[in-house]
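Each remark here refers to the structure printed beneath this line.
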Amino acid sequence: MASVSLPSFLSPLNSNTLSFSFSASSKTRLPSSPIGFWTIKWKNRRTKGVVCRAASVVFRDLDADDFRHPLDKQNTLILRAIPGLNELGKALLGSVTEQVMLLENIGTSVLVSRNQLPELNQLMVEAAQILNIEPPDLYVRQSPVPNAYTLAIGGKKPFVVVHTSLVELLTRKELQAVLAHELGHLKCDHGVWLTFANILTLGAYTVPGLGGLIAQSLEEQLFRWVRAAELTCDRAALLVAQDPKVVISVLMKLAGGCPSMADQLNVDAFLDQARSYDKASSSPVGWYIRNAQTRQLSHPLPVLRAREIDEWSRSQEYRNLLNRAIQASAVNIS
């Protein structure tokens, strides 16, 4: 889970717009950060031009529902049942806002291509190929806040933005997992929903009287949906990385990593920590505290995400997806 920043003259709350990012455990309102993988960094390990090659298994017929998390399915149905939500979101997300956000990124970021930051471009192209989706535009933006986010509005070509500080913490494989997470939002049409949700909440808060009531009533449900969507996109990251330790390592580094200590971090120890959290929160009091702790978060806690992706990597559902892709590849080769 990152987010896009609206220029101050468009933002009544002077807050960030939507993105697909991951903000750890801070208590943030939905409009405060665009939806993205998380606030992340990445350790830039120079390897003499060697680009991380994506896993060989490509999901040529992959459908979003093949990997969508059950909570995502459930909460999407609830969100769609809210009368007028989709129409209101479209009304708030007008062509002017779209153009401003697009020009903001074009004017302040570097557009990645085969001739511009080609390693990053290759990581994106490989990830998109594995997930059977058209690669979006990719921008790199100078920022000390580690983040990555996706914007998809108005039927135009979506784009992903990664912050330079993200590139300072993660390895190439980990960064590709983050890009795959962002692609998961697009594969599942989360980008549009997330944008609508953010702008809806931002806009509703500015309407006198009724607006605040609307935003307050929707906020908890929107957060619940966004957290579920993040679990789905972590699965997309695993489908590309095809190694749960890569995805869990990203979550671990986002929770408490830095370049100087990256080689001392231990994925297995972090999973033990996740299990200890489950144990500590299993009592009635622990359950209450856990729900109070997570209710206002835009992303699930990193230890819970790590545990979720570890369990899914061991599931029959995940193995069936891999086997189906391998069989399809063999048929195409023959």
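The values are calculated or read from the model by the stated rules, or taken from the named source; none is laboratory data. Not measured: the values here are computed from a predicted model. Neighbour counts are summed over all protein chains in view; Cβ atoms, including those assigned to glycine, are modelled from backbone coordinates with ideal geometry.
With respect to Ser282, determine if the residue is in a loop (DSSP other than H, G, I, E, B), at pLDDT below 75 and at negative phi. No: the conditions fail for Ser282.
Counting only residues that are modelled with pLDDT of 90 or more and either surrounded by fewer than 20 Cβ atoms within 10 Å (Cβ to Cβ) or of a type outside the set (S, T, N, Q) (or both), give me the strands (runs of 3 or more DSSP E) lying completely in the stretch 88-180 with at least 2 of them. Give the steps one after another, and end with the answer.
Working: elements: 137-141, 148-151, 159-163.
Per the criteria, 137-141, 159-163.
Residue-level check: of (1) polar (S, T, N, Q); (2) in contact with a Pro (Cβ under 7 Å, 6 or more places away or on another chain); (3) modelled with pLDDT under 95, Asn323 misses just (2).
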